[in-house]
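The values are calculated or read from the model by the stated rules, or taken from the named source; none is laboratory data. No experiment lies behind these values; they were computed from the predicted model shown. Every residue, glycine as well, gets a Cβ built from its backbone with ideal geometry; the counts of neighbours run over all protein chains shown.
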Amino acid sequence: MADKNDKSVMSSIILNTVYVSTWIALSGTVILYNKWILAYYGFDYPITLTMWHMLFSSVLAFACVRGGYVPSINMTMESYCKAILPISALFAGTLWLGNAAYLYLSVSFIQMLKALMPVAVFMVGCGMGTESFAMDTLVNMVFVTAGVAIASYGEINFVVIGVFLQLLSVATESTRLTLVQILLQRRGLTLNPITTMYYIAPASLLFLSLPWGVIEAQRLFSDPTVRFDVLIFVSNAAAAFGLNMSVFLLIGKTSALTMNVAGVVKDWLLIGLSVLLFHAEVTPLNLGGYLIAFFGVCYYNYKKLQGMKAKQAAAAASAAAAKAEDIEDRPLLGGSGNDLKKTPNRQ
């Protein structure tokens with residue numbers, strides 16, 4: 001019995017490691033690939049690139065669902081309009097703004113700015129009622145923010161518009177994550193990775209077409225230097241599609257907390273790869289500030305883990321108490337109290 005349990009635990013550890021490693025690899029690949037295309041390949045059209053990703057994902061998801069390879073769900077028009085569309089708009093904004101930031105900032109500095117994500121999620125969650133305000137969490141968030149501020153102060157290639165775009169991306173993503181809890185989970189909508197992209201990618205593509213028509217369309221069509229290498233763009237879109245799948249797979253098979261912890265590891269790897277591949281300049285003040293934010297994020301994840309364990313323990317204790325109470329209410333001989341009273345005395 002012990003051997004079976006050991007094998008089960010080992011199997012779970014191996015699978016979780018595979019999920020985490022796959023997500024880190026795909027996330028790093030997409031980030032570095034997008035940076036290269038936008039800043040080095042010469043295709044400085046972040047909205048167009050994001051639209052291409054959404055189009056590619058839409059086609060693949062449509063083929064999977066309509067081909068019967070993945071079961072669809074009954075999505076009402078009300079749910080689509082009230083839940084899917086707002087999330088799709090925020091998803092489009094997150095991707096567009098995040099990609100646009102690569103035109104101005106290094107990958108390493110962007111990863112440092114992304115350390116503000118727990119802060120943004122906490123603030124938005126408190127405003128929308130998905131997070132409970134706690135003073136120790138607020139202090140923790142101030143600690144993280146201070147670290148990012150120090151890292152920003154030490155950034156050599158600090159570009160205001162790039163920082164602004166990345167902070168907007170963090171804001172839209174934190175709002176999207178909160179709305180997923182409010183709009184999808186409370187409606188009982190359970191979407192697998194393919195059906196998620198089936199519903200969200202086309203809507204995101206539609207939302208992206210609005211700023212694209214105003215900002216990039218005319219410049220793109222009149223640019224004689226634009227290159228569209230099929231292999232580069234198809235492989236880039238395929239990596240982005242795989243990343244979206246791995247995100248939902250990782251959260252579904254493990255937890256959002258696991259992804260947050262893995263994200264800390266991924267950020268350090270990307271900072272190193274940014275220096276190695278793109279020769280990004282990282283100053284001691286950069287690293288010092290990010291270390292402060294890093295420890296703040298680690299503590300935040302630790303507190304989240306402790307909170308989850310406390311909830312699980314409370315739920316288990318409540319279930320045990322209910323079971324014990326049920327047992328106490330049962331008569332010793334299996335009948336009701338009235339049955340015992342009606343039993344004649346045969347002495």
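A few comments on the model shown:
- SER169 meets each of the listed conditions (1) under 19 Å from GLY307 (Cβ atoms); (2) in contact with a Ser or Thr (Cβ under 6 Å, 6 or more places away or on another chain) apart from (1).
- Leading residue by the ranking (nearest to TYR104 (Cα to Cα)) among those in region 277-294 that are surrounded by 15 or more Cβ atoms within 10 Å (Cβ to Cβ) and among the β-branched types (Val, Ile, Thr): VAL282
- Residue pairs whose Cβ atoms lie under 6 Å apart, sitting 6 or more positions apart in sequence or on different chains, and linking a residue in region 21-42 that is over 17 Å from LEU95 (Cα atoms) and among the hydrophobic types (A, V, I, L, M, F, W, C) to a partner that is at pLDDT below 95 and not in a helix (DSSP H, G or I), do not occur here.
- The residue that is farthest from VAL261 (Cα to Cα), among those in region 114-147 that are among the charged types (D, E, K, R) and crowded, with 16+ Cβ neighbours inside 10 Å, is GLU131.
- Any chance LEU208 is of a type in the set (A, V, I, L, M) and more than 26 Å from ILE73 (Cα to Cα): no
- Enumeration of residues in region 38-59 that are surrounded by 15 or more Cβ atoms within 10 Å (Cβ to Cβ) and part of a loop (DSSP other than H, G, I, E, B): PHE43, ASP44, TYR45
- All positions within region 159-196 that are without any contact (Cβ under 8 Å) to a residue 40 or more places away in the chain and farther than 15 Å from ILE84 by Cβ: VAL160, PHE164
- Region 60-88, residues that are exposed (fewer than 15 other Cβ atoms within 10 Å of the Cβ) and assigned to a helix (DSSP H, G or I): ALA63, ARG66, MET77, GLU78, TYR80, CYS81, LYS82
- Condition met for PHE164 (in contact with an Asp or Glu (Cβ under 8 Å, 6 or more places away or on another chain), at pLDDT 90 or above and either surrounded by 22 or more Cβ atoms within 10 Å (Cβ to Cβ) or within 30 Å of LEU277 (Cα to Cα) (or both)): no
- Residue check, ASN301 touching a residue at least 40 places away in the same chain (Cβ under 8 Å) and either over 24 Å from the mean Cα position of the chain (by Cα) or part of a loop (DSSP other than H, G, I, E, B) (or both): no
- Among residues of region 262-294, those that are modelled with pLDDT of 85 or more and either of a type in the set (A, V, I, L, M) or within 14 Å of LYS114 (Cα to Cα) (or both), counted: 21
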